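Novice: Sharing a structure below in structure tokens format, with a few things to ask.
The values are calculated or read from the model by the stated rules, or taken from the named source; none is laboratory data. A quick note: this is a predicted structure, and the numbers were derived from the prediction, not measured. Quick reminder, even Gly has a Cβ in these numbers, built from the backbone with ideal geometry, and neighbours come from all protein chains shown. What goes into the accessible areas is simple: the full protein's heavy atoms, side chains included, and nothing from ligands, DNA or RNA. Shrake-Rupley method; radii C 1.70, N 1.55, O 1.52, S 1.80 Å.
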Amino acid sequence: MAFSTLSPAGSPWFRHRRTFARLYGICPISFGTDHLIYLAGAATWVPRWIPPSQKFWIVATAIFFFMAAAAILSGILAGLAARLLTVMILLFGALIWAPRLAAAPHTHFVWSGNAINFALAAAAWVVSDVLCDPSVSRLATQPARPMAILQRIDDYRTKTAV
């Protein structure tokens with residue numbers, strides 16, 4: 001995504017950046033599947049003070065990942081889904097990874113977990129920016145056809161009236 005967004009405006013990479021953003025929708029499927037496969041282990045990562053239960057939030061986030069994937073892949077509210085996905089991943093960082101980093105600042109696993117979480121959030125943010133950019137929309141790239149059609153009709157009338 002970053003490569004296609006930073007490519008020159010006329011390049012094929014740049015023209016297909018919306019397609020690349022839509023392909024990002026495959027990633028939340030794997031995230032949601034991981035949440036369900038490792039349900040028991042992943043539930044221990046959710047802070048106990050968050051109601052109603054740890055397993056509830058693991059299943060809920062898996063469902064949210066699947067919903068984001070469906071929206072991004074289908075293009076229906078894809079920009080909103082990518083933005084909400086960004087918020088959810090940032091909440092993981094704030095509720096799960098940052099407290100672990102504060103508790104064990106010398107543990108490399110926690111540092112790498114924070115870095116990966118940050119990279120996932122940044123990727124979702126870039127995708128949401130591309131999907132919400134009106135200049136990337138296919139409708140926005142179409143020329144204003146109604147005015148061209150009216151101009152042709154007016155030209156035809158002028159030619160036939162003489």
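Novice: So, for the chain, what is the accessible surface per residue at a probe of 1.4 Å, expressed in square angstrom? Could the numbers behind the result be given before it?
Specialist: On the way: 10750 Å² over 162 residues.
Each residue of the chain exposes 66 Å² on average to a 1.4 Å probe.
Novice: If exposed means no more than 14 neighbouring beta carbons inside 10 Å and the site is in a DSSP loop, what's the longest run of the chain without any exposed chymotrypsin sites (Phe, Trp or Tyr not before Pro)?
Specialist: Values: sites that count: Y38, W49.
The longest such stretch corresponds to 50-162.
Novice: Sticking with this structure for a sec: Which angle from 0 to 90°, rounded to the nearest 10, does the C-alpha axis of helix 108-132 make with the longest principal axis of the chain?
Specialist: That helix lies at roughly 20 degrees to the long axis.
Novice: If you don't mind, another one. Using a 1.4 angstrom probe on heavy atoms only, work out the carbon and sulfur share of the accessible area of the chain in %.
Specialist: Values: 7740 of 10750 Å².
Taking all protein chains in place, the chain shows 72 percent carbon and sulfur surface.
Novice: Relative to the longest principal axis of the chain, what angle (0 to 90°, nearest 10) does the C-alpha long axis of helix 26-37 take?
Specialist: The angle comes out at about 20 degrees.
Novice: Taking H placed 1.01 Å from N in the peptide plane, check which residues at least 5 places from S7 or on another chain put their amide H under 5 Å from its amide H.
Specialist: Result for S7 returns nothing.
Novice: How much length, in nm to one decimal, is gained on full extension between L91 and A103, taken as 0.36 nm per residue of separation minus their Cα-Cα distance? Numbers along the way, then the final one.
Specialist: Values: separation 12, 0.36 × 12 = 4.32 nm, distance 1.77 nm.
Once the chain is fully extended between L91 and A103, it gains 2.5 nm.
Novice: What distance in nm lies between label points placed 7 Å from Cα along the C-beta direction at R15 and S53?
Specialist: Placing both labels 7 Å along Cα→Cβ, they lie 5.4 nm apart.
Novice: How far is helix 78-92 tilted, in degrees, relative to the longest principal axis of the Cα atoms in the chain, given as a value from 0 to 90 rounded to the nearest 10?
Specialist: 20
Novice: Relative to the present Cα-Cα distance, how much length would full extension add between D155 and A60 at 0.36 nm per residue of separation?
Specialist: Working: separation 95, 0.36 × 95 = 34.20 nm, distance 6.04 nm.
Difference between extended and current length: 28.2 nm.
Novice: Of the listed values (1) 1.01; (2) 1.23; (3) 0.94, identify the label whose number matches Rg/Rh (Cα atoms, Kirkwood Rh) calculated from this model.
Specialist: Computed from these coordinates, Rg/Rh (Cα atoms, Kirkwood Rh) corresponds to label (2).
Novice: In segment 37-108, which trypsin sites (Lys or Arg not before Pro) are in a loop and have at most 10 other Cβ atoms within 10 Å, using DSSP for the loop call?
Specialist: Passing both the DSSP loop test and the Cβ count: R48.
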